[in-house]
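The values are calculated or read from the model by the stated rules, or taken from the named source; none is laboratory data. Small disclaimer: the values here were computed from a predicted structure and weren't measured. All Cβ positions, glycine included, derive from the backbone under ideal geometry; neighbour counts span all protein chains shown.
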Amino acid sequence: MDGLGDAVDRLGLALACLTEAYGLVDDDTADRLEEQLFRPVQSAYGRARRTYLEFASRHDLPLRDFEPQTPGVQSQGAKAFIERAVAAAGQAEQGIAVLQDSMLPVEAGDAQLRTGLTEIRELIDGLSGRARELLRTLGR
């Protein structure tokens with residue numbers, strides 16, 4: 001559960017960073033950022049929270065509070081926020097991959113957990129490449 005909880009926190013940080021970046025870019029870039037980065041991360045964050053909470057409820061485990069994440073100071077600029085979001089989402093994905101590779105979800109015998117973990121990873125798959133493309137055209 002700790003690994004999944006950490007992934008939720010990382011995705012929360014990614015979401016907070018993308019929210020800050022959105023406010024710092026022009027309208028066209030904001031639309032692309034929302035479609036290509038924000039929506040997938042937002043969906044992954046929601047799915048990760050739901051997977052965590054449902055698993056904990058099914059197994060009578062203590063629930064963890066997920067606090068809003070602080071992205072940092074606005075003077076960092078949109079590029080720094082996007083890069084930080086991608087790094088955080090990548091750490092979340094890596095944490096989930098380690099959890100899946102550990103076989104603990106299989107041992108727990110919880111198909112819904114395994115499905116949730118897979119869906120989270122699918123939602124953020126390719127995020128780095130999409131961010132790189134967006135950053136390549138940032139400010140043009």
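Some observations on this one:
- If you go through the stretch 44-69 and keep only what is modelled with pLDDT under 85 and surrounded by 15 or more Cβ atoms within 10 Å (Cβ to Cβ), you end up with 64, 66, 69.
- Single match in 19, 70 (criterion: in contact (Cβ under 8 Å) with a residue 24 or more places away in the chain, in a helix (DSSP H, G or I) and among the polar types (S, T, N, Q)): 19
- Per-region count, the stretch 78-128, residues under 16 Å from the mean Cα position of the chain (by Cα) and among the polar types (S, T, N, Q): 4
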